[in-house]
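The values are calculated or read from the model by the stated rules, or taken from the named source; none is laboratory data. Quick caveat, the model's predicted, so the values are computed rather than measured. Neighbour counts run over all protein chains shown; Cβ positions are idealised from the backbone, glycine included. Areas reflect the complete protein model, heavy atoms only, side chains present, ligands, DNA and RNA absent. Shrake-Rupley method; radii C 1.70, N 1.55, O 1.52, S 1.80 Å.
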Amino acid sequence: MAKKKKYYVVWVGSKTGVFDNWAECLLYTKGYPNAKYKSFNTRYEAEDAFMGVEHIPVAGKKSTSSIFVDFNKFPEIIKDSIAVDAACSGNPGKTEYRGVITGTGEEIFRMGPFHGGTNNIGEFLALVHGIAQMKKEGKNDKIIYSDSKIAMGWIRKKKCNTKVERNKANAKLFYLVDRGEKWLKENTFENPLVKWETKTWGEIPADFGRK
């Protein structure tokens with residue numbers, strides 16, 4: 001049985017970065033004072049770790065949002081779907097996003113907060129994350145709800161058309177933006193992106209409930 005490929009992050013060494021073989025990692029860390037390195041199963045995990053982007057574990061946890069949706073009153077809402085949303089404190093400010101199962105509110109992913117972002121950037125990243133996760137899980141027909149027309153438009157154009165300037169403070173956020181745009185350009189998806197009708201249905205289930 002072939003050995004599973006690993007990727008190596010070197011944070012402290014004669015050369016730092018993400019490497020796809022142990023020989024290079026060893027070359028840059030062996031004998032180096034207080035060398036710091038670690039292996040990962042995928043390049044994405046390794047790149048995130050090198051950039052300091054943390055994934056919040058949510059498996060088995062229920063959404064803490066108090067958002068209530070009356071599915072009996074609005075049978076047109078597909079419960080077997082996912083809903084995504086973002087929150088931002090300031091403009092620009094601390095930005096985070098998440099995805100939940102529409103019918104239960106169970107959180108399936110959550111990222112942030114990141115500095116120097118906007119709600120629109122968060123909405124864009126939430127959609128990319130949801131699309132990529134559904135593709136990875138083979139759920140190509142799963143509806144993805146978003147309450148952001150702007151973010152849905154950016155997805156169609158495969159471009160996060162924000163006017164926010166890049167700086168050292170928001171480097172982690174724009175690392176995800178760049179990766180999201182790259183993913184959209186290199187992949188196709190079939191998931192229907194559906195506008196969540198907030199005025200009719202109320203807040204989207206992925207809402208952070210901070211209004």
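Let me cross-check F109: its accessible surface, 1.4 Å probe, with only protein heavy atoms counted, in Å² to the nearest 10?
Estimated to the nearest 10 Å², F109 gives 10 Å².
Tell me the mean residue ellipticity at 222 nm calculated for the chain from its helices only (DSSP H runs of n ≥ 4, each -39500 (n - 2.57), averaged over every residue, nearest 500).
-9000 deg cm²/dmol
Which residue, C160, Y28, G202, has the largest displacement toward the positive end of the dipole of the chain when charges sit on each Cβ (Lys, Arg +1; Asp, Glu -1)?
Result: Y28.
In the chain, if the dipole is taken from +1 on Lys/Arg beta carbons and -1 on Asp/Glu beta carbons about the Cα centre, which of I143, S89, F19 is farthest to the positive end?
Checking the options against the dipole of the chain, the answer is F19.
Report the antiparallel proportion of the DSSP beta bridges in the stretch 22-151 as a percent, rounded to a multiple of 5.
Once the DSSP bridges in the stretch 22-151 are tallied, antiparallel ones form about 90 percent.
Please list, in order along the stretch 140-147, the HN-Hα scalar couplings obtained from phi with the Karplus expression 6.51 cos²θ - 1.76 cosθ + 1.60 (θ = phi - 60°), rounded to whole Hz, x for Gly and Pro.
6, 9, 6, 5, 10, 8, 9, 9
Suppose all protein chains stay in the model; what accessible area per residue would a 1.4 Å probe give for the stretch 102-145, in Å²?
35 Å²
Quick one: pull the percent of accessible area on the stretch 77-125 belonging to carbon and sulfur, 1.4 Å probe, ligands and nucleic acids left out.
Here carbon and sulfur together make up 46 percent of the probe-accessible area.
Mind checking which aspartates and glutamates have their Cα closer than 17 Å to the Cα of K158? Skip sequence neighbours fewer than 8 apart in that chain.
By straight Cα distance, K158 reaches E123, D178, E181, E186, E190.
How large is the accessible surface of E165 in square angstrom, using a 1.4 angstrom probe and rounding to the nearest 10?
Solvent-accessible area, nearest 10 Å²: 150 Å².
Please give me the summed charge of the neighbours of T42: other residues whose Cβ is under 14 Å from its Cβ, Lys and Arg +1, Asp and Glu -1.
+3
Report the residue, chosen from P113, P33, P92, that carries the largest GNM mean-square fluctuation when the chain is represented by alpha-carbon nodes joined by springs under 10 Å.
Judging by the Gaussian network model, the answer is P33.
On a 1.4 Å probe surface of the protein chains, which of R166, R156, R98 comes out largest in accessible area, and what is the full order?
R156, R166, R98
Please list the non-local residues whose amide H lies under 5 Å from the amide H of E106, H modeled 1.01 Å from N, same-chain partners needing a gap of 5 or more.
S63, I101
Determine the distance separating the Cα centre of the stretch 86-117 from the Cα centre of the stretch 154-204; give it in Å without decimals.
12 Å
Enumerate the lysines that K4 could reach by cross-link, defined here as Cα to Cα under 26 Å, with residues fewer than 8 away along the same chain left out.
Reachable lysines: K15, K30, K36, K38, K135, K136, K139, K182.
If the viscosity is 1.002 mPa s and the temperature 20 °C, what Stokes-Einstein diffusion coefficient in µm²/s follows for the chain when Rh is the Kirkwood radius over Cα pairs?
Answer, rounded: 115 µm²/s.
Order F208, F68, most accessible first, counting only protein heavy atoms with a 1.4 angstrom probe.
In descending accessible area the options line up as F68, F208.
Would you mind checking which residues have amide H under 5 Å from G209's amide H? H placed 1.01 Å from N; only 5 or more apart, or other chain.
none
Below 15 Å, Cα to Cα, which aspartates and glutamates can K6 reach? Residues fewer than 8 away in the same chain don't count.
Candidates past the 8-residue exclusion: D20, E24, E45, E47, D48.
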